[in-house]
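A quick write-up on the structure given underneath.
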Amino acid sequence: MKINLKQIFNIVGESKDISYDITADELSDIKGYQFSSPVAVSGRVYNRAGVIYLDYSVEFTLLAACDRCLKEFERGYSFDFQHIVVPSLSNNDNDDYIVAEGESIELNDIAVTDLLLQLPVKMLCKDDCKGLCMVCGCDLNESVCNCLN
Ligand SMILES: [Zn+2]
Ligand SMILES: [Zn+2]
């Protein structure tokens, strides 16, 4: 969703609430992850003393296969982000700043980039998943074998 920041840039104290869903269709070209819900985006962009802040959170559910036991599972995630938005990038600015080209930002792109960076490299059905036996392949969360004894 494109968010126009013209007013926010111009008026100190101005703010705009954000609340919308990034639909499953828009998420379908993200490689390696399958979303089983839309990504709910909510937050606010505001001008505090001439600095533009973008504060928002995302909430969504992923369908994934566990890297240890290979079982499919669904897990909900939520993350909070804060960025400073600048009208243009000068040499001194930090890479974390978001540049509003033409006084607007494309929040879908920002949100997807942010959330992908937060997702764990290893997808586990639970943090202490025991995985599969390397010898017989049984699911060690559900059964016990004697292969490694
Ligand atoms: Zn697992
Ligand atoms: Zn075994």
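The values are calculated or read from the model by the stated rules, or taken from the named source; none is laboratory data. Here the structure is a predicted model, which is why all the values come from computation and not from measurement. FYI the Cβ positions are ideal-geometry reconstructions off the backbone, even for glycines, and counts take in every protein chain you see. These area figures cover heavy atoms from the full protein model, side chains too; ligands, DNA and RNA do not enter into them. Shrake-Rupley method; radii C 1.70, N 1.55, O 1.52, S 1.80 Å.
For the chain, the solvent-accessible area works out to 62 Å² per residue, with a probe of 1.4 Å and every protein chain left in place.
Carbon-plus-sulfur accessible fraction, the range 2-118 (probe radius 1.4 Å, protein heavy atoms only): 43%. Below 9 angstrom from the Cβ of Ala65, what's the summed charge of the other residues (Lys, Arg +1; Asp, Glu -1)? Residues close to Ala65 contribute a combined charge of -1.
Under a model in which nothing but the beta-carbon of Lys, Arg (+1) and Asp, Glu (-1) is charged, the range 104-149 shows a dipole of about 280 debye around its Cα centre. Annotation: amide H of Leu140 within the under-5 Å range of Gly131, Leu132, Cys133, sequence separation 5 or more or interchain, hydrogens built in the peptide plane. Taking every alpha-carbon pair under 8 Å whose residues sit at least 6 apart, the range 2-118 reaches a relative contact order of 25 percent. Close amide H pairs (under 5 Å, H built 1.01 Å from N) link Lys71 with Cys66, residues at least 5 positions away or on another chain. The magnitude of the dipole of the range 2-118, with charges of +1 and -1 set on the Cβ of Lys/Arg and Asp/Glu and taken from the Cα centre, is near 180 debye. Ordering Gly43, Asn108, Tyr97 by the projection of their Cα atoms onto the charge dipole of the range 2-118, which places +1 on the Cβ of Lys and Arg and -1 on the Cβ of Asp and Glu, puts Gly43 at the extreme positive end. Within the range 5-33, whose backbone N sits under 19 Å from a point 7 Å along Cα→Cβ of Glu101? It comes to 5-6, nothing else. Extending 7 Å from Cα along the Cβ direction at Leu70 and again at Cys138 yields two label points whose distance is 1.6 nm. Less than 5 angstrom separates the built amide H of Ser36 from those of Thr61, Leu62, Leu63, all sequence-distant by 5 or more or on a different chain. When DSSP beta bridges are restricted to pairs lying wholly in the range 2-118, around 95% turn out antiparallel.
Based on Cα coordinates alone, diagonalise the gyration tensor for the chain, multiply each eigenvalue by 5, take square roots, and list the semi-axes in whole Å, largest first. Kindly include the intermediate steps, with their values, before the conclusion.
Values: eigenvalues 357, 44, 29 Å².
That gives 42, 15, 12 Å for the three semi-axes.
Residue-wise HN-Hα couplings along the range 19-28, as the Karplus relation 6.51 cos²θ - 1.76 cosθ + 1.60 with θ = phi - 60° gives them from phi, are 7, 6, 10, 8, 6, 4, 4, 6, 9, 5 Hz; Gly and Pro carry x. Between Thr23 and Leu148, the FRET efficiency estimated from the beta carbon spacing at R0 = 30 angstrom works out to 0.05.
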